[in-house]
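> One structure follows; several queries about it will come next.
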Amino acid sequence: MEIGMLKVEPMRVIAGESKGQHIGSLKRLGARPTTQRVRSSLFAILEAVGLDGKRVVDLYAGTGTLGIEALSRGAIWADFVEASPKRCALLRQSLNTLGYSARSKVYCMKVERALKSLDKSYDFVLMDPPYTLGPIHHVLEKVGDLAKKGALVAAGHSKHHPLEARYEGIELVREHKYGDTVCSIYREGRDI
């Protein structure tokens, strides 16, 4: 598949109602989609808490692999935030193809701007920003504001950019390492 002059390389939904369906990935735009191994491990944790009927936001969405996986596994709603117009176009196309357009919204803007206008009632905040951004401490300081009480925040990052154990409103509860990738899981707690 192609969008404009860009080659779209397929990735697949791992589980749920859309298991095996393709999600496009724009490799030529420098996208580093969350690997299947990391997604599988992350969603094992999220499914233990329960995804059915939950609201999710996928920050630095890229082609939407995390949010689409959540929708496939029972999330009732997913918002996606991505700054690249070409990635937003591919994401909208994937959501439409998979039948998730009515259960999602794509915000084509930088995460820092979206943090000021997004709904404040997510059960799961998912983020796997490009490693080229470096540390994402400034975003994690504000992300607790998006979460419902007791919500989980999952942040993928490079092992070369370690994160803090606490940020405003969230506290680290576990970390998983996969080669260069670390997935840090935080829990929202207003009294932290």
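> Once you have a ≥ b ≥ c as the square roots of the Cα gyration tensor eigenvalues for region 2-188, tell me rounded if a/c is under 1.5, and otherwise prolate or oblate according to whether a/b is larger than b/c.
The shape class here is rounded.
> Taking the Cα centroid of region 74-88 and of region 95-168, what is the distance between the two, rounded to the nearest whole Å?
Distance between centres, Cα-based: 11 Å.
> Using Cα atoms only, what is the angle between the long axis of helix 36-49 and the major principal axis of the chain, expressed in degrees (0 to 90) to the nearest 10?
50
> Give the lysines reachable from LYS177 as a straight Cα distance under 22 Å; neighbours fewer than 8 places away on the same chain don't count.
Cross-link targets: LYS159.
> Can you sort TYR100, TYR178 so the residue with the fewest Cβ neighbours within 10 Å comes first?
Going from sparsest to densest Cβ surroundings: TYR178, TYR100.
> Which aspartates and glutamates have a Cα less than 16 Å from the Cα of LYS142, not counting those fewer than 8 places away in the same chain?
Within the straight-line cut-off, LYS142 pairs with ASP58, GLU112, ASP119, ASP123, ASP128, GLU164, GLU168, GLU171, GLU188, ASP191.
> Now for a different question. Rounded, prolate or oblate: which fits region 139-192, taking a ≥ b ≥ c as square roots of the Cα gyration tensor eigenvalues, rounded meaning a/c under 1.5, else prolate when a/b beats b/c?
On the way: a/c = 2.37, a/b = 2.03, b/c = 1.17.
It comes out prolate by the Cα gyration axes.
> Of ALA155, ALA70, ALA165, which has the largest mean-square fluctuation in a 10 Å C-alpha GNM of the chain?
ALA165
> Where does each of PHE124, PHE43 land when they are ranked from fewest to most other beta-carbon atoms within 10 angstrom?
PHE43, PHE124
> Still on this model: Which lysines, if any, have their Cα less than 18 Å from the Cα of LYS54, not counting same-chain residues under 8 positions apart?
Cα-Cα hits under 18 Å: LYS105, LYS120, LYS148, LYS149.
> Then there is this: Rounded to the nearest 500 deg cm²/dmol, what is the calculated helix-only ellipticity per residue at 222 nm for the chain, with -39500 (n - 2.57) per DSSP H run of length n ≥ 4? Spell out each step's value before the answer.
Numbers: 5 runs with 47 residues, N = 192.
Taking each H run of at least 4 residues, the total per residue is -7000 deg cm²/dmol.
No lab work stands behind these numbers, since they all come straight from the coordinates. Source: prediction; values computed, not measured. Cβ sites come from the backbone with ideal geometry, for glycine too, and all protein chains shown count toward neighbours.
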